[in-house]
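Down below is the structure, laid out as structure tokens.
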Amino acid sequence: MSDAPCCPAILIAAPASGQGKTTVAAALARLHTRQGKKVRVFKCGPDFLDPYWHTMASGAPVHQLDLWMTGEADCRARLAAAAREADLIIVEGVMGLFDGEPSAADLAQRFGLPVLMVIDASAMAGTFGALVFGLQHYRTDLSWAGVLANRVASERHEEMLKNSVREPEQWLGALMRNPAMNLPERHLGLTVASEVVDALERLDAAADALATTPLGQMSLLDLKRWDVTFTVEEEAGREVFDAQPLAGCTIAIARDVAFCFIYAANLDCLRDLGAQLVFFSPLADADLPACDAVWLPGGYPELHAARLADNTRLRDSLANHVAQNKPVWAECGGMMVLFESLVTIDGQTHAQWGLLPGRVTMQKRLVALGPQQLAMLEGVLRGHTFHYSTSTTPLLADLRTTRPDSEQTPHAGEALYQVGSIQASYFHAWFASSPAATAALFAPVEMLQNPTAGVIQ
């Protein structure tokens, strides 16, 4: 065993989605960061959007924690590494505290994280206390930090809520309704922080509001009550590489407001595999950078369909890349732009890049959501799916993903299409779940045919 670092840590949860836990987590991070403390924030579950706000609030990278997708060893290693350098660790939960398998409660129990409940109290008074009591006692294996009331109407309303809580020490204050600290949303979730011109002002407004509560007035000494010790095996969490199978391979990664669904840990994994990473903007750049492989991650091509259609020079540059049999891995939005056309929610049709036959059509409701895994010859990649569009194509699926609890069936899961050197799917992969499979997605053909290429333990 390595040394076991200790650090104050909490999991911020809620009884349901939409209660304000992202705002509270970001506000708490911003408040302590402004005071000169080092804060590390994590997001429970496969989420691309909330981490943008937490990164802005804390000034530090934000990673995902998921007992299935990323694995317990990876979670434990990341928490322990954060505890060695941070004054406070904040983990934002996902959905309701007990929702999902595994749930945020499972994560809290596994690592001994005290739970701070955020409850939208805008339409309740005395029932607030009953809800707090029920959540606190639903499971006996969780430790509790307390409760924070959100979207409170007045001081009188706050007093009623506070008086309804049976254990007074559990009350950590109230946040009043305040449009100035609302985080804007759109169809896939929160708007990316970098696209909101007053994003930092919103975070500061939320931090200022939190500073008036008992939670916001806690000192470093007060926070010690939430100390958690994180034990980790010396070699746990990160894969051990005898060699770097992508050494000498340059991967060009699309990254702009249209293609922004990128796990920071996926970039780390590619670097660990030996790859050199370069970035480009499909909205602004005329040519691909010099590269051996391309990654088109997910994002919002539907919001920028006309501009993407107009960037014919980049389309032609990518087509030339494919003509040279160089790999392309396209996830969700990255796949959408490769089809011939995209129909937006208002019914307008935009030509896209035409490297895959077919059409993508945006829908008003969520089409697919949940954990998925992709079994490849080299290993099984874990990840998830989350999209509001459907695709119509004559292509047949080369592979399909499955849910963790289901067997492979002919029509289950997301399709993976392969056309020449392109591999494309709605599936979002967590690369570290199978470095060998990840290397196969990006390795140039000559590297795959080279028997002396690196081997992954």
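Nothing in this text is a laboratory measurement; each read-out follows from the coordinates by a stated rule. All values derive from a computational prediction rather than experimental measurement. Neighbour counts are summed over all protein chains in view; Cβ atoms, including those assigned to glycine, are modelled from backbone coordinates with ideal geometry.
With only Lys, Arg, Asp and Glu charged, each at its Cβ (+1 for the first two, -1 for the last two), find how big the charge dipole of region 6-229 is about the Cα centre; round to the nearest 20 debye.
Values: 21 positive and 26 negative charges, 68 e Å.
It comes to approximately 320 debye.
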Which order, highest average first, do 134-141, 315-322 follow once you tally other Cβ atoms within 10 Å for each residue and take the mean per peptide?
315-322, 134-141
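In percent, how large is the relative contact order of region 6-229, given Cα pairs closer than 8 Å and 6 or more residues apart? The partial results should precede the final answer.
Details: 434 pairs, mean separation 61.5, N = 224.
Taking the mean separation of contacting Cα pairs over the length of region 6-229, I get 27 percent.
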Along the charge dipole of region 6-229, pointing to its positive end and built from +1/-1 on Cβ of Lys, Arg, Asp and Glu, which listed residue (SER17, LEU210, GLN136) has its Cα farthest out?
LEU210
In the chain, what is the count of Lys pairs whose alpha carbons are under 29 Å apart, counting only pairs at least 8 residues apart or on separate chains?
12
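To make sure I understand, if each residue's beta carbon is the centre and we count other beta carbons within 10 Å, what order do TYR426, TYR417 fall in, fewest to most?
Numbers: TYR426 27, TYR417 22.
The fewest-first ordering by Cβ neighbours comes to TYR417, TYR426.
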Restricting to Cα pairs below 8 Å that are 6+ residues apart, what does the relative contact order work out to for the chain? Please round to a whole percent.
14 percent
Compute the long axis of helix 312-323 from its Cα atoms, compare it with the longest principal axis of the Cα atoms of the chain, and write down the angle in degrees, 0 to 90, nearest 10.
70 degrees
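With n ≥ 4 as the cut-off for DSSP H runs, can you work out [θ] at 222 nm for the chain, using -39500 (n - 2.57) per run divided by the number of residues, rounded to the nearest 500? Please report the intermediate quantities before stating the final value.
Numbers: 14 runs with 123 residues, N = 457.
About -7500 deg cm²/dmol.
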Among VAL147, VAL62, VAL232, rank each residue by its count of other Cβ atoms within 10 Å, from fewest to most, as a rough exposure measure.
VAL232, VAL62, VAL147
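What is the magnitude of the charge dipole of the chain about its Cα centre, with +1 placed on the Cβ of each Lys and Arg, -1 on the Cβ of each Asp and Glu, and no other charges, expressed in debye to the nearest 20? Please list the in-between numbers first.
Values: 34 positive and 50 negative charges, 152 e Å.
For the chain, the charge dipole is close to 740 debye.
Antiparallel DSSP bridges in the chain: what percent, to the nearest 5?
Values: 34 of 76 bridges.
Close to 45 percent.
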Computed over region 250-448, the relative contact order (Cα-Cα under 8 Å, seq sep at least six) in percent reads 20 percent
Work out the charge dipole of region 297-449 with +1 on the Cβ of Lys and Arg and -1 on the Cβ of Asp and Glu about the Cα centre, then indicate which of SER433, ASN320, GLY347 is farthest towards its positive end.
GLY347
